[in-house]
């Protein structure tokens, strides 16, 4: 019997009702953003105080979206953000899960201390290290594609990789992997070792397949963090070549009068793909768990 | 149980090396640089590297003192203005009043060199205490709901997750509207639900409601994030356990209490830790919604750090705030770890 | 095998093409990197065409522009200077000119921009420090009061002019009458919704100066004692606090639209709102000078200005660009495109809206007559933060004298930490 079939009808209705009410609460600003993206500045504020704020009513226009594409360079920034996100997440999954494997599955001295250190690193807020980190990358020798090919430069500023490399190793991801790995029964490991496997093989063939939910979770969370990156590129990427999406949104705020309609359109263009990706990614996440049948 | 030789020794090093390199170079090193910065007077825009000033920044951040005043004249107690004392007497130079109370006929004023920071410290802990149960509770509820096996739950998951994805600027614009005293929908809804008994509340303008408003918005925005982590944990609990329990005739409540909660123990612990740490580092919401106001009621430690460090250009002082904050949290974590180890030791 | 040959052939051809291209493209122009702040898409577009016109007007230099968000501008400049990648020409917000100059990031304009060009420009738009000129603006902004003629008529209020502005008493009485009439939630919109220090200092330190105070004693430039916490400043603080205590102004309007919606009768903001208000109020719109609070009308002066970096390899090129930008025709074109206030009389006459009978002439007059720049000192970020904190606390009920004393102490402390910035002064 599936879980769904077990619930009685009144219970199901009650649950649906609860989910719907919660959905309304959680969806409110998203609907506001979508509705406003089709309105002009004045209409947004006129409707702001009422429920009309979330409804696409009144004078609707697609001019905001046209502007976002035409004047907003959104295509270029989108590709930058995509490259940054995919690279950081892919490298991060590898690097962080390997480190977590070492913590959770290998025996060595000082594990407790390193674990505590890891939790402590979680405490360091980015704002605390942003300025020293900026000073650091400003002086790190880097590479760039110049007119004549690969060129050595004196700093990492204004590149795509300055937005990638510092964020690959991530204490939060390591911690998340660690917690999950700890719960996987050691019997599988032992069986593999008895068969003569190396730790790397145990990692690849035992732990990873059993940890797909946490891999999916880390992917989603890291991807989101990198997609929404704002403070760091703001100070290290002055140019437009390597500029990511969130910085691109700033151009509508510039002067003193904010073009709210265009801001909303731009924000919608950033947010909607992420949510769609999330929905699709989820299906894979759930299916893989149901199929793996690890626990028990 | 002894492990094969190659599970010990150098293997862990290879596994952890890239992470250690990354974290060391891009987190630890800048933090150490920030630490060194706290002993200088370095500014953001300045012609020369900062000069060494020893513990001056820490002194300016943490010094406290007290002032006891007698009434100026007999009869109704009137006291001299605290600032006229602190701005003239050498012993009190640089101090400002933090809080005051009466002691008999005398007035005692607690002084601090940076009362805004101490207040922010209090605000930050208060915020964490309020938001962590709320956010984690809501997240757990949501995770259970979207894991119940109902149709369409993937869409609901995306819906509950959507605030996490949205830009903070847009979220704060919407919530500023919602919280507005006269035009906001929250007050309108409260008034309608209570049939006019609840008067409009100036959420963001009243020092006592500003922090709760930020708590509500933060919990709303972050719940989806924790929900996702709890979902991963829930997915890891074997279905067979539930089936076996049901065959034995267990009620849903018993299932929850005896299977779900123990199975989620680690995950819940993790979520609590992470939410607490994030709450203690609160910055963006305060910066965008209230600017630390009114009168510092919503200022948090990191807000003060950015105000002084970046906005005012005093990066040495901003770094000092970050370092002190970090030290405080680390001490708390170490205490918690010690207590945990002792508990485990006692149980063994 | 064939695939390999194809690949090699392709690579060889593209290599050859690249070499040929490099050989034939004339590269005798020197590139000048320019950094500007993002200030809206209109200004972006106009600056781009301005740069194109400059590039087309001569063959020695080519200006290449990069547009940065304002939020991290200072940090980006610092990062660039650390990395040795400063642009040649950069836009600097006028109150920050002194900081950048003191830090050695800027070189004086002397010798690169002719003195007679600088003499034509409104004094408030010159960025000077320690006796040298480091930056000059192509446009400025002006603060004003906006109101509706019909509303003033209903209140039997006199319409103020540049020569006869409202006094404090008149202004106060009008606001209280408006409040009493019941038609306005908060009669005056001070745009306090924007909590940034740049706005608060720009908007409200002129009022302080009109009362007779100042954010710093400009004679010595080493202390704010007496200026920020003296009697005049306390009068200003008390009046400001009273606006909110009496419900004449809202501490945080929910949006920018109070005047357009009719929730506020008078709004204190800059010229950048003029078009929106004209659309909404039409002929009923009045653009008025701010009140004279005792020592004359004062409005903020100095917007984003252009400077040459110390590390620029072609300062003469940078100077040529800035000189080009200050031609009346270029200034006029910028004003026409963006609505910003031109800085020379000639440009105003040549522009569409700022000529003697132009619809925005009043902003030019306000700027010319009443604009006073913020103090030219590297302590400005500290001054701005301290002043804003004090005013916001005063708005929320803190004791005025205490708040102003605290701000004064913060400012004096910062200046003392830097030993008065060695070179005090810079009027």
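The figures follow:
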| item | result |
| --- | --- |
| Estimated translational D of the protein assembly as shown in µm²/s (Stokes, Kirkwood radius over Cα pairs; 4 °C; 1.567 mPa s) | 41 |
| Chain A: most fluctuating residue of A:18, A:33, A:246 per GNM, C-alpha cutoff 10 Å | A:18 |
| Area projected by the alpha carbon convex hull of the stretch B:64-112, averaged over all directions, nm² | 3.2 |
| Chain B, helix-only ellipticity at 222 nm - DSSP H runs n ≥ 4, -39,500 (n - 2.57), divided by all residues, nearest 500 | -18500 deg cm²/dmol |
| Cα-based equivalent ellipsoid of the stretch B:103-181: semi-axis lengths in Å, sorted from largest, via gyration tensor | 42, 18, 11 |
| Principal axes of the stretch B:44-131: Cα extent on each, largest first, Å | 56, 40, 19 |
| Counting all C-alpha pairs of the stretch A:129-281, share separated by more than 26 Å (%) | 50 |
| Ratio of the Cα radius of gyration of chain B to 2.2 N^0.38 Å, where N counts its residues | 1.27 |
| Volume in Å³ per residue [convex hull over Cα atoms, computed for the stretch C:177-300] | 118 |
| Computed P(r) (all Cα pairs; the stretch B:8-53; 5 Å bins; percent) | 5, 19, 16, 15, 12, 10, 8, 6, 6, 3, 0 |
| Inter-centroid distance (Cα atoms) of the stretch B:89-112 relative to the stretch C:353-427, Å | 31 |
| FRET efficiency, residue C:349 to residue C:110 (Cβ-Cβ, R0 30 Å, nearest 0.05) | 0.60 |
| Efficiency of FRET between residue A:186 and residue A:126 - r from beta-carbon atoms, R0 35 angstrom, step 0.05 | 0.45 |
| Spin-label pair residue A:143/residue B:52, simplified geometry with 7 Å Cα→Cβ offset, distance in nm | 4.0 |
| Rounded to whole Å, sorted largest first: equivalent-ellipsoid semi-axes of the stretch C:70-126, Cα gyration tensor | 24, 13, 9 |
| For q = 0.13 Å⁻¹, Debye-computed log10 I/I(0) when each Cα of the stretch B:116-313 counts as one equal scatterer | -0.81 |
| Computed over chain C: relative contact order in percent, which uses C-alpha pairs under 8 Å that are six or more apart | 26 |
| Cα convex hull of the stretch A:1-135, projected area averaged across orientations, nm² | 17.0 |
| Principal axes of the stretch C:345-405: Cα extent on each, largest first, Å | 49, 28, 15 |
| For chain A: span of alpha carbons on each principal axis (Å, largest first) | 71, 68, 34 |
| Of C:334, C:86, C:155, the one that fluctuates the most in a GNM where chain C has Cα springs shorter than 10 Å | C:155 |
| The stretch C:138-215 versus the stretch B:233-294: alpha-carbon centroid distance in Å | 53 |
| Expected 222 nm ellipticity per residue - DSSP helices of 4 or more, -39500 (n - 2.57), all of chain A, to 500 | -20500 deg cm²/dmol |
| Förster-model FRET efficiency, 35 Å R0, residue A:205 and residue B:21, C-beta, rounded to 0.05 | 0.85 |
| Within a Gaussian network of chain B (alpha carbon springs, distance under 10 Å), most fluctuating of B:66, B:139, B:176 | B:66 |
| Spin-label pair residue A:17/residue A:276, simplified geometry with 7 Å Cα→Cβ offset, distance in nm | 3.5 |
| Point-to-point label distance, residue C:336-residue C:231, nm (Cα→Cβ direction, 7 Å offset) | 5.3 |
| Full-stretch length increase - residue B:76, residue B:105 - with 0.36 nm per residue and alpha-carbon distance subtracted | 9.5 nm |
| Value of [θ]222 nm, deg cm²/dmol, for chain C, DSSP H segments ≥ 4, -39500 (n - 2.57) each, nearest 500 | -14000 deg cm²/dmol |
| Label-reachable residues, the stretch C:252-281, where backbone N falls under 14 Å from a point 7 Å from residue A:59's Cα toward its Cβ | C:276-277, C:279-281 |
| Relative frequency of Cα-Cα separations exceeding 17 Å in the stretch B:229-348, percent | 71 |
| Stretch gain in nm, segment residue C:278-residue C:176, where the contour uses 0.36 nm per residue and the Cα spacing is subtracted | 34.2 nm |
| Rg(Cα) / (2.2 N^0.38 Å) computed for the stretch A:67-130, rounded to two decimals | 1.74 |
| Kirkwood-type radius of chain C, with distances r between different C-alpha atoms, in Å | 23.4 |
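All of the numbers you see were taken from the coordinates with simple rules; none came from a lab. Every value quoted in this text rests on a predicted model; they were computed, and no experiment measured them. Neighbour counts are summed over all protein chains in view; Cβ atoms, including those assigned to glycine, are modelled from backbone coordinates with ideal geometry.
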